[in-house]
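Please read the structure below before turning to the comments.
The values are calculated or read from the model by the stated rules, or taken from the named source; none is laboratory data. Every value quoted in this text rests on a predicted model; they were computed, and no experiment measured them. All accessible areas refer to the heavy atoms of the entire protein, side chains included, with ligands and DNA or RNA removed. Shrake-Rupley method; radii C 1.70, N 1.55, O 1.52, S 1.80 Å.
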Amino acid sequence: MPSYLKHTRIVVVDNGASTIKLGVKGFNDSDSRVIPNAIVRSKGDKATYYGHEIEKCTDYSSLHYRLPFEKGYLVDWDAQKAIWDGIFTTDYLMLDPTESSLLMTEPYFNLPNLQDVYDQFVFEEYEFQSYYRCTPASLVSYGKLYREKGQPSPECVLVVDSGFSFTHVVPMINGSIMWEAVKRIDVGGKLLTNQLKELVSFRQWNMMDETYVMNDVKESCCFVSTQFTRDLDICRANPIGNPIVQEYILPDFSLNRRGHVRRPDEMMEDSYQILHMNSERFAVPEIMFRPDDIGLEQAGLAQTIAHSISLLPEDIQGMFWSNIGLIGGSTKFPNFCSRLAAELRTLAPVDSEVKIYESSDPILEAYRSAIAFASKPDFLQKVVTREEYNESGSNACRRKFPDWKPKEGEAALTKGKVSVELQDVVREDEEGAPAHPGDVVGRKTDSALG
């Protein structure tokens, strides 16, 4: 490791499809800056805002979003560059990228050609001194999600990452992802917001162009029902006067009045436009547990978790049932954890404990874990330096960064590593002896990707 890296500042960027969480280690350790990962055109302001500039917007009605991510992958590099240009500057982060290191997240199952473009932007466009790229779930084991007082961190964990585009179920052993058991549900925050827009537009106001407003309605009003049929019957019996219905007062940006749920003591004004949120409050989040409600031929979240665990070695499946962690903005719905726990209990073996860990802030969990990882003494030994990239190109990144695609000649070696690691974990579980740390690199075959 070059000696100059010890004195460089480390920029951490959780580059999500909806928002970017970023900060500098030592300055933004607990709370990052959260900005939209989008170019936003406001019809009211007649202005275009790039990423962090959205805070200057005064009229949030009929916003048009240009998103760099499509179906979970970064495909619009012109838009992403325009957003990154605004944050990788001396004025915004108060540092020079050419004298800094970068830790950035990437999507699960990121395609090799897209990974190469990531590397090119980091080293050729912004000229960072060094760089590390990984998935959000692989960072969680460094954070506090699974920490319990007086207890060591578990070796076998399962992370449920429910983000903007998809929900991924990611099992890990000693911080290394078991890719052959990773599963995906095509339900995320974007689909839920779009579904809510359609329901409200069909039943009440036309809100199809009001993505920003309806996303706030979703976050303010929606919850996961623990007794879906009962709640649905309540809403049908009395659509207006039931205990579930909420009144959401739509914003009036001409008066600088933001949208909000009506308070019990709040007086109504003639200018108020009201959304009556009835069964929509719980019918939209229900899609995560029942995707077939909208025609998606996929299993729900609980069944997907059970299937993922069933693909792991039988001797250690119980450890995954007892260490399920939730991250991502779509896990913030009230009652999400209790509903998931109830469904998992019916699917888990009788002798297995089902335990779910909730984050205090699921949106920032990956970022805070990344800060903890960047604070490790050996972090700078895992990065790729600019000199290494100039010499070998993206091959240097492929050699150092964990990836889901097997490298040439690595398949047999990988199976041997996994076998030895699993033996260590089982031995520790049986004897109470510490297992030897090692890298487990599971791989997903082409048939499994389907």
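The accessible area of residue 65, taken with all protein chains in place and a 1.4 Å probe, comes to roughly 70 Å². Multiplying each eigenvalue of the alpha-carbon gyration tensor of the range 345-403 by 5 and taking the square root yields semi-axes of 37, 17, 10 Å, largest first, rounded to whole angstroms. Using a Gaussian network model of the chain in which every pair of alpha carbons under 10 angstrom is joined by a spring, one finds that among 145, 326, 111 the greatest mean-square fluctuation is at 111.
Over the range 203-255, the pair-distance histogram of Cα-Cα distances with 5 Å bins from zero comes to 4, 14, 22, 24, 17, 12, 4, 2, 0 percent, rounded to whole numbers.
Might you tell me the accessible area per residue for the range 229-332, computed with a 1.4 Å probe and given in Å²? Please report the intermediate quantities before stating the final value.
Values: 5150 Å² over 104 residues.
Using a 1.4 Å probe on heavy atoms only, each residue of the range 229-332 averages 50 Å².
Ignoring ligands, DNA and RNA, please state the percent of accessible area on the range 56-185 from carbon and sulfur, probe 1.4 Å.
Values: 2340 of 4820 Å².
Carbon with sulfur: 49 percent of the solvent-accessible area.
Would you kindly give the portion of the calculated P(r) for the chain that falls above 43 Å, as a percent of all Cα pairs? Walk me through the numbers on the way to the answer.
Details: 17014 of 101025 pairs.
Of all Cα-Cα distances in the chain, 17 percent exceed 43 Å.
Roughly what % antiparallel, to the nearest 5, for the DSSP beta bridges in the chain? Intermediate results must be reported in sequence, preceding the final value.
Values: 41 of 58 bridges.
Bridges in the chain that DSSP calls antiparallel: roughly 70 percent.
Summary value for the range 189-287: 33 percent relative contact order, contacts being C-alpha pairs under 8 angstrom separated by 6+ residues. Considering only protein heavy atoms and a probe of 1.4 Å, how much of the accessible area of the range 189-287 is carbon and sulfur, as a whole percent? C and S fraction of accessible area: 50 percent. The order of 240, 185 by accessible area, most exposed first and with a 1.4 Å probe, is 240, 185. Note on the chain: GNM, Cα springs under 10 Å; of 200, 350, 24, the largest mean-square fluctuation is that of 350. Shown here: the range 189-287, whose C-alpha atoms stretch 41, 32, 20 Å along the first, second and third principal axes, sorted largest to smallest.
Once you've got the GNM for the chain with C-alpha springs shorter than 10 Å, pick whichever of 388, 99, 148 has the biggest mean-square fluctuation. Highest fluctuation of the listed residues: 148.
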